[in-house]
């Protein structure tokens, strides 16, 4: 009997490079968890002190066919050591979980950008769904980019198989955390914040918590040990004023701003609204603040919603209604009534892209003409337009102040 001691494999030296800003877009099928992955990366980047701006992008279809172009869901994040105002024009990194995600987002990627692909998703069936005649990973069409091909589904399955008592389908759902682990290593992010979140979120299902934790750590360690990545990057803390900060969306800041306006004015807040993307979050958030005297009403249609808010204004409350572009078109006659009767009505328009009913899940700042001139006859209103989530808070207070000072409807374009 003899023992053979093998020479250990040579450890590849990993370089650490400092960057000022990075824009990442996570993209995959609607069921791939890209919104969650992007949110966790955002939370961690905020905790380590980077300035952040995000752009979630999810399909309008309730459930488009898996692997299809309309079913692609994305989340773009710009994080920086400097003060930033936008989620970035062009991503420098694209994480694509299937061919459809690659095809939909490749045109936006900057020249020479980085692509991280899940090669397991590039099956013949998925390539057909994405209208690829040949596999883009093999035909040379990606020669202008730095492509990292990772069998994420297989690596995740191998890490979890036998370690958790879950079905193959349940195990496969955690592959987004494997991808997140890879990105955490690549951009020098700590895992602790996400591990704590996993423990809290899946506390009642220990096997799911264990699976996601293993997937995250395995992705991180894979990136650390594989020879595919020779460099990882760090982004220093942003130079921002000391204080307590919170991560907040524009709709959340809008809702909190109007609650603050109600408290400052000493008047109850009434919100009449008909659910519509992307404004529904305001209704959800305001409904949580009943302790501040906020009343929320989910009306049967857009006209009923604005008329209920007019009624609240008539009795001295802060009458508030919210919608998106198509809903504003339906509310215009009632807004004209508020102008005639000199009532301090506030109309929130969380704008979406496109004419007519538009693109429900694509936000766009394009309804200015509708707000200024949308009513018949001579019917002027005041218009305010916040530019950032922080601006949403302050402009909500300003909208209420202007409405009561001039006894006029005010449009709030977010």
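The values are calculated or read from the model by the stated rules, or taken from the named source; none is laboratory data. Being a predicted model, the structure only gives us computed values, none of them experimental. Methodologically, a virtual Cβ is constructed for each residue, glycine included, from the backbone with ideal geometry; neighbour enumeration extends over all protein chains shown.
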The number of residues in segment 73-99 that are surrounded by 15 or more Cβ atoms within 10 Å (Cβ to Cβ), more than 14 Å from the chain's Cα centre (by Cα) and touching a residue at least 40 places away in the same chain (Cβ under 8 Å) is 11
Quick one: which of 65, 70 is assigned by TED's automatic domain parsing to the domain that holds residue 129 and free of Cβ contacts under 8 Å to residues at least 40 places away in the same chain? 70
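Residues are listed down the side, and each one gets a yes or a no for (1) touching a helix residue (DSSP H, G or I) at 6+ places or on another chain (Cβ under 8 Å); (2) loosely packed, with under 14 Cβ neighbours inside 10 Å; (3) at positive phi:
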position: 108; (1), (2), (3): no, no, no
position: 135; (1), (2), (3): yes, no, no
position: 146; (1), (2), (3): no, yes, no
position: 153; (1), (2), (3): yes, no, no
So, residue 107, is that one part of a helix (DSSP H, G or I) and without any contact (Cβ under 8 Å) to a residue 24 or more places away in the chain or not? yes
For residue 189, all conditions in the list (1) surrounded by fewer than 20 Cβ atoms within 10 Å (Cβ to Cβ); (2) under 24 Å from residue 22 (Cα atoms) hold save one; what is the number of the exception? (1)
Of all residues making up segment 135-176, the number that are in contact (Cβ under 8 Å) with a residue 40 or more places away in the chain, outside any helix (DSSP H, G or I) and within 14 Å of residue 211 (Cβ to Cβ): 6
Residues satisfying the stated conditions in segment 278-296, i.e. at pLDDT 95 or above, touching a strand residue (DSSP E or B) at 6+ places or on another chain (Cβ under 6 Å), surrounded by 20 or more Cβ atoms within 10 Å (Cβ to Cβ) and outside any strand (DSSP E or B): 282, 283, 286
Within segment 331-345, identify whether any single residue is over 25 Å from residue 365 (Cα atoms) and in contact with a strand residue (DSSP E or B) (Cβ under 8 Å, 6 or more places away or on another chain), and answer yes or no. yes
Take the conditions free of Cβ contacts under 8 Å to residues at least 24 places away in the same chain and surrounded by fewer than 19 Cβ atoms within 10 Å (Cβ to Cβ) and apply them to residue 56. Does it pass? no
Looking at segment 192-241, which of its residues are under 30 Å from residue 81 (Cα atoms) and in a loop (DSSP other than H, G, I, E, B)? 226, 227, 228, 229, 230, 236, 237, 238, 239, 240, 241
